[in-house]
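The values are calculated or read from the model by the stated rules, or taken from the named source; none is laboratory data. Keep in mind the model is a prediction, meaning the values are calculated, not measured. Cβ sites come from the backbone with ideal geometry, for glycine too, and all protein chains shown count toward neighbours. In case anyone asks, the SASA skips ligands and DNA or RNA and just uses the protein heavy atoms, side chains included. Shrake-Rupley method; radii C 1.70, N 1.55, O 1.52, S 1.80 Å.
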Amino acid sequence: MVKHIVFWKINEEFDKTTSSAEIKSRLESLSGNIPGMVHIEVGKDFNQSPVAFDVALYSTFENKEALDNYQTHPLHEAVKEYIGSVTTERGVVDYEI
């Protein structure tokens, strides 16, 4: 099993509430559509701390190969394109359990 955790900061030029909701919706639409994806969960920050990220993705995959396939899957590529257009920072951790 592989965990894939990602955090993003929304570009200040965009409305955080709208952009966060759109990221959440687009990522959640991948559920059941990516082979090897076991679970996906997306959260929007309510902390509002200057060091907090705005959106978090917590997902699990059957194995590293499934995560690698997810990264290049056309549905994920479309979501990544949108996310990249409204965010300024990204943090990621991938690990096996």
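Being farther than 14 Å from Ser85 by Cα and buried (at least 17 other Cβ atoms within 10 Å of the Cβ) is the filter; apply it to region 22-44 and report the residue that is farthest from the chain's Cα centre (by Cα). Top of the filtered list is Gly36.
To keep it simple, each residue is scored yes or no on (1) modelled with pLDDT under 95; (2) within 11 Å of Val2 (Cβ to Cβ).
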position: Glu41; (1), (2): no, no
position: Lys44; (1), (2): no, no
position: Gln48; (1), (2): yes, no
position: Ala66; (1), (2): no, yes
position: Gln71; (1), (2): no, no
position: Glu77; (1), (2): no, no
position: Glu81; (1), (2): no, no
position: Val86; (1), (2): no, no
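Looking across region 46-57 at every residue that is of a type outside the set (Val, Ile, Thr) and open to solvent by less than 50 Å² (accessible area, probe 1.4 Å), the one that is farthest from Asn11 (Cα to Cα) is identified as Leu57. Within region 50-64, the residues that satisfy the criterion of being of a type outside the set (A, V, I, L, M), outside any helix (DSSP H, G or I) and at pLDDT 95 or above are Phe53, Asp54, Tyr58, Ser59, Thr60, Phe61, Glu62, Asn63.
Just the residues that are touching a residue at least 12 places away in the same chain (Cβ under 8 Å), touching a helix residue (DSSP H, G or I) at 6+ places or on another chain (Cβ under 9 Å) and not β-branched (Val, Ile, Thr), please, taken from region 79-97. Residues satisfying the conditions are Tyr82, Arg90, Asp94, Glu96.
Can you name the residue in region 58-97 that is touching a Gly at 6+ places or on another chain (Cβ under 8 Å) and open to solvent by less than 80 Å² (accessible area, probe 1.4 Å) and, of all such residues, is nearest to Val42 (Cα to Cα)? Please lay out each step first, then the result.
Filtering region 58-97 down to residues touching a Gly at 6+ places or on another chain (Cβ under 8 Å) leaves 58, 61-63, 65-67, 69-70.
Next cut, open to solvent by less than 80 Å² (accessible area, probe 1.4 Å) only: 58, 61, 63, 66-67, 70.
On the way: Tyr58: 6, Phe61: 15, Asn63: 20, Ala66: 19, Leu67: 17, Tyr70: 16 Å.
The selected residue is Tyr58.
Just so you know, in region 1-21 the residues that are touching a helix residue (DSSP H, G or I) at 6+ places or on another chain (Cβ under 7 Å) and open to solvent by 20 Å² or more (accessible area, probe 1.4 Å) include one that is farthest from Asp54 (Cα to Cα), and it is Phe14. Condition (residue is on the phi > 0 side of the Ramachandran plot and out of contact with any strand residue (DSSP E or B) (no Cβ under 7 Å at 6 or more places or on another chain)) applied to region 9-29: is it met by at least one residue? No, because not a single residue in region 9-29 is on the phi > 0 side of the Ramachandran plot and out of contact with any strand residue (DSSP E or B) (no Cβ under 7 Å at 6 or more places or on another chain).
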